């Protein structure tokens, strides 16, 4: 468990998220390096002097949003590898879903509340198995999205590739 793993994990998330995007079929809307315009606008309210367009956001603002909104408070308490999968899932699917999937991966009640029960179960679990279970849940979710909303099929190959790369890199962190 290392808080310093944030830099390593952030670097990988930024590769997955890419640069600027404004795909009309992407529910996230206008984004830069994975941060939506809406998130950036909220951040700017307490950080004056920043450009208004997320595409022109300084890298330091993007990194701060990732740390505040997706890394903290939980990832620094997780084993290496599990922290990365949780972080990436929180970025792509939201922290609430990440919490529930973590709970399912460690076989506790998936209520979205990470507390003593979840943390105790995680501590007793084998990190590599948690990473793989988390990744399986993610792949099933992607397939369910496409099943329920065929217009999203154009994203499936990339989503599955991302899940596979994240799992592979997370397992390297575990071992």
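The values are calculated or read from the model by the stated rules, or taken from the named source; none is laboratory data. Given the structure is predicted, the values throughout are model-derived calculations rather than measurements. FYI the Cβ positions are ideal-geometry reconstructions off the backbone, even for glycines, and counts take in every protein chain you see.
Table for the structure above
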item	result
Selection status of residue 123, more than 17 Å from the chain's Cα centre (by Cα), more than 19 Å from residue 26 (Cα to Cα) and either assigned to a helix (DSSP H, G or I) or at pLDDT below 95 (or both)	yes
Test: residue in the range 13-34 that is in a helix (DSSP H, G or I), touching a helix residue (DSSP H, G or I) at 6+ places or on another chain (Cβ under 9 Å), farther than 22 Å from residue 162 by Cβ and free of Cβ contacts under 8 Å to residues at least 60 places away in the same chain	no
Flag for residue 110 being in contact with a helix residue (DSSP H, G or I) (Cβ under 6 Å, 6 or more places away or on another chain), surrounded by 13 or more Cβ atoms within 10 Å (Cβ to Cβ), part of a loop (DSSP other than H, G, I, E, B) and at pLDDT 95 or above	yes
Pair list, Cβ under 6 Å, 6 or more apart: the range 151-175 residue closer than 17 Å to residue 101 by Cα, other residue outside any helix (DSSP H, G or I) and modelled with pLDDT of 95 or more	170/81
Meets criteria (closer than 22 Å to residue 127 by Cα, exposed (fewer than 13 other Cβ atoms within 10 Å of the Cβ) and modelled with pLDDT under 95) for residue 24	no
Meets criteria (in contact (Cβ under 8 Å) with a residue 24 or more places away in the chain, more than 27 Å from residue 64 (Cβ to Cβ) and exposed (fewer than 14 other Cβ atoms within 10 Å of the Cβ)) for residue 141	no
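Yes/no per residue for (1) surrounded by fewer than 20 Cβ atoms within 10 Å (Cβ to Cβ); (2) farther than 23 Å from residue 175 by Cα; (3) in contact with a strand residue (DSSP E or B) (Cβ under 9 Å, 6 or more places away or on another chain); (4) at pLDDT 95 or above:
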| residue | (1), (2), (3), (4) |
| --- | --- |
| 62 | no, yes, yes, yes |
| 85 | no, no, no, yes |
| 105 | no, no, no, yes |
| 128 | yes, no, no, yes |
| 145 | yes, yes, no, no |
